[in-house]
Structures are given as C-alpha cells and as structure tokens.
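Since every read-out is calculated from the coordinates, none of them should be taken as a lab result. The structure displayed is predicted, hence computed values, not measured ones. FYI the Cβ positions are ideal-geometry reconstructions off the backbone, even for glycines, and counts take in every protein chain you see.
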Amino acid sequence: MARKHIVIVGTNFGGYTAALELKELVGDNHDITVIANTHKFLFFPSLIWYPFGLRDEKDITFDVRHQYSKHSIKFIEDEVDLFDPPNNGVITRHNGIVSYDYLIIATGPKVDYDYIPGLREHSYSIVGLNPAQRTREAWQRFLADPGPVVIASAQGAACFGAAYEFLFNVRYQLAKNSLDKTCSLTYSTAEPFLAHFGINGFGNAQQMCEWFFKHYHIQAHLNASIKEVRADGVELENGEFLPSKFTMIMPRFLGIDAVRNTPQLANDKGFIVTDKGYRHHIFPNIFAAGVAVHIAPPGETPVPCGVPKTGYPTEQMAKTAVKNIIADIKGLPQVEQAFEDINAYCIMDTGNMGMMIVGDHMVSPREHEYIIPGPEAHWAKIAFEKYFLFSRKHGKV
Ligand SMILES: Cc1cc2nc3c(=O)[nH]c(=O)nc-3n(C[C@H](O)[C@H](O)[C@H](O)COP(=O)(O)OP(=O)(O)OC[C@H]3O[C@@H](n4cnc5c(N)ncnc54)[C@H](O)[C@@H]3O)c2cc1C
C-alpha cells in the first residue's frame, strides 16, 4: 500500500486527538504532520477560573511537542494563512506549502469581537489566555471600585455553557468579597429560555437555572440582542440599558480567516460543511473536526443562537475523521457519527457547586438525560481537569 501523507492543522482538542489516534491506528505505515500556530495544548474549560487567579497558564497548558516527537509525528509550529484544496496544499507563513494526501482541519474559532459596536473596547472575554489575562486585570480593578456586573451571551454566540459557568463563578466571587448585596448581577442572552444552551435545552436544566437565578437574585434578559457595548454598560436592541462596571461577553464565533478565505472550503461564516463522517462536502480528501465544522442549529430561535461544539464531541469528530481516512486508504466503507447523536458530557461549575450533565445525544430527543447538581459537581470538574491534562500530556486520547 502506497504511503500517504496525512496533515492535521490545529493541535488542541480536535487536532491533538486526531494526530495521536491516527498514529495509534496506522503506526509507521503512513506519514503524519501536525501544523499549528502554538505548541501548547490549552484546556479551555479552566479559563472560567483564570480571571479570579485560581489558575495560571502553567496549570492548564502542556507542550504537545514531547508526544509528537515520541510518536514520530512531524510538528510544524507556524501560522496557516490559506489552503489550496485543488492542489492538496496548506500554505504556511514561514514553511511554504505543505502538501497532503489527506487533510484534517481542526482550527477552532475566530472570536468575532467586531460585529457589535464597543464589544472589543468595553467588554472582557475568556476565550483564550490573553483575553482571560485582560479579564483578570479588569476584575482586580473592579474589586477596588465595584458596581453592577453584566455577563452576556451575545447574538450568534454558541459557547453558552462557559458563559453560565463564568456568570455563576462571578456570583460566588462577589459573595466571597462581600459584594453580593451591593453589586447587581445581570445575565443577558440570545437564548429564548435559560439553559437553552443552543441545543434546545437539556432535561430540567432550565428549572434548575431558574431556581439558581431567583435564589441568588440574578436578573435575566432573554432573547436579547446587544446593540452596543459602552464603558458604562450594555445597550440592548429593545432599548433597555444594563448598567455595568464589569462586562464579560461571549461573542459569536466564526471559522478562522485561513479557512474562510479559501474558495469553496467553508460557508459564509467560515465553518466547514461536512457529511456525518466529517468529510468535506466537495473535497473528499479533506476532513474537519470540532469548532471548525458547520453544525446547523436544531431549531430557529427569535435571536440567532449557535450550537456549542464542546470538547467531547470535538474529540469524537476527530476520531471519526481518522477512521474514515483509514477506511478510504484501505477501500473500506465509511463510518458515520452525526453530531446530534454523540453523547453529551459536561460539568457546569458554579464556584463551589455545579451540575454534571450526561445524555445519550447532544441534541434532543434523548432517551437518557441526567443532571446531577451539588457540591460534588464542583469537585468532579476539578478532578476531571487534572485527569484530562495528565492523560493527554502522556499521550492518552
Ligand atoms: C471559556 C471556555 C470554556 C469551555 N468549557 C468547556 C467545558 O467545560 N467542556 C467542554 O466540553 N468544552 C468546553 N469548551 C469548548 C472547548 O474548548 C472546545 O470544544 C474545544 O476547544 C474545540 O476544540 P478545537 O480543536 O475544535 O478548537 P481549539 O481548541 O480552538 O483548537 C484550535 C487549534 O488550531 C490552532 N490554529 C488556529 N488557527 C490556526 C492557524 N491559522 N494556523 C495554525 N494553527 C491554527 C490553534 O492554535 C489550536 O491548536 C469551552 C470553551 C471556552 C472558550
């Protein structure tokens, strides 16, 4: 069988999983190259704690190069500027064109800070280490000069779980700093109901969230579209103004520029349209995994909501793509694993409590869906963080 060159772009949940899974399954029979603009794996879920000084970079990242060199996977640390699907090429900034027989794109999101006036200047973010560092500094300034707080999931956002977790952690930190009686806390969201999450809800999460909001006096604005973010608050499209001294907004995600700018590779938002085996709908030797993949919302909402492509489904998409590349090489039938059929696993932290969310499908209808609330969920999240980082650092995917 002729040797194939399989190139993977991205080295986080999707790319790292794909590379190690591929190596495990094909051994030295084919060549694997990973290209990414960083050599660090970042465990995004812990960024909800970073702004409060509860985690530092070293606690939530590891160097991927060790595993790649141990497994003879070539690693190129470089920015990908464009793809050239008709000629099977990846155009890098400093390493020229890298040719492939098969390509997996797992490049995650470009966070769109420019579609709402004032979003970039007047709100904080937790999507990435640098934004989270800025948010940490802003939180320190806020503690010295406190006031109302607004946390929001903007129109088109998809990463709702992280926004809720940050909201609840802010609530916990306000209480710890004896500010909960004096600082109002408001959550503005594109969702039509609390805990919709972009997937039409999950079990009784809505009721639990409603209880939590009531109990802790968190004001909710549903179906909210943000018109403008200002230094002193957030103006909604319906004319309401939410005063704020500390504003964290989860914006919408787009596909990265290199994907969006490549003709025929992606839709207008830069997400890659694939079949249920994560194979590109036009270019059969290109696959995608994770946030890079286009997943249609399960239903229309009055204000647009995206679908959260979280860690577990991202890894499953990567593994399915890997299986299909191997099947293609061997002339075997393709396998399918539709996004909505992937199991749902998530732990939502609230600072000192949380809820464990387990379901047999990402999107309803589900036969099994369980929510286990309580302090043990908080400890489970911490235990999972340690387990995940240890196992991935040591090459287990
Ligand atoms: C604050 C926060 C909290 C979260 N919490 C949870 C949680 O509790 N549970 C959960 O399941 N999910 C959670 N998620 C979602 C989870 O982080 C994503 O599902 C996951 O990161 C998606 O993986 P990915 O590989 O698709 O993209 P990413 O993790 O974003 O990885 C993209 C990779 O591509 C590389 N790359 C990007 N552009 C280029 C380029 N031009 N050239 C070269 N390389 C490039 C990047 O360096 C990176 O290696 C959270 C997300 C956030 C933001």
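As a length-normalised measure over Cα pairs under 8 Å and 6 or more apart, the relative contact order of the chain settles at 18 percent. Partners of LYS323 within straight-line reach, counting lysines whose Cα lies under 24 Å from its Cα and excluding those fewer than 8 residues away in the same chain: LYS4, LYS23, LYS70, LYS74, LYS276, LYS309, LYS393, LYS396.
A cut-off of 5 Å between modelled amide H atoms, ignoring neighbours fewer than 5 places along the same chain, links SER153 with SER188, THR189, ALA190, MET250.
The phi torsions of the stretch 289-296, fed into the Karplus equation with coefficients 6.51, -1.76 and 1.60 and a -60° offset, translate into couplings of 8, x, 4, 5, 7, 7, 10, 6 Hz, rounded to whole numbers, with Gly and Pro shown as x. Put a dot 7 Å past each Cα toward the Cβ at ILE97 and HIS281; how far apart are the dots in nm? Going from the HIS281 label point to the ILE97 one covers 2.7 nm.
If you plug the beta carbon distance of ASP180 and GLU336 into 1/(1 + (r/R0)^6) with R0 = 51 Å, you get a FRET efficiency near 0.60. Counting alpha carbon pairs within less than 8 Å and at least 6 residues apart, what relative contact order, in whole percent, applies to the stretch 238-397? Worked out over the stretch 238-397, it gives 13 percent. Close amide H pairs (under 5 Å, H built 1.01 Å from N) link LYS227 with GLU235, LEU236, GLU237, residues at least 5 positions away or on another chain. The 3J(HN,Hα) values that the Karplus relation (6.51, -1.76, 1.60; θ = phi - 60°) gives for the stretch 63-72 are, in residue order, 7, 7, 5, 4, 5, 5, 6, 4, 9, 6 Hz. Gly and Pro appear as x. Residue separation of TYR113 and GLN140 scaled by 0.36 nm, minus their Cα-Cα distance, works out to 7.5 nm of gained length. The string of couplings for the stretch 181-198 from the Karplus curve (6.51, -1.76, 1.60, θ = phi - 60°) is 7, 10, 9, 6, 10, 10, 10, 10, 9, 6, 5, x, 8, 4, 6, 5, 6, x Hz, one whole number per residue in order, with x for Gly and Pro. If R0 is taken as 30 Å, the Cβ-Cβ distance between LYS269 and THR38 corresponds to a FRET efficiency of 0.80. Extending 7 Å from Cα along the Cβ direction at ALA327 and again at LEU54 yields two label points whose distance is 4.1 nm.
Computed over neighbours whose Cβ is under 10 Å from that of GLY156, the net charge equals +1, Lys and Arg +1, Asp and Glu -1. Amide H contacts under 5 Å for GLY354: GLY374, ALA377, HIS378, restricted to partners 5 or more places along the chain or on a different chain, H placed in the peptide plane at 1.01 Å from N. Distance between the pseudo-spin-label points of PHE384 and ASN352 (7 Å out from Cα toward the beta carbon): 2.2 nm. Calculated [222 nm] ellipticity per residue, helices only, for the chain: -9000 deg cm²/dmol; basis is -39500 (n - 2.57) per DSSP H run with n ≥ 4, divided by all residues, nearest 500.
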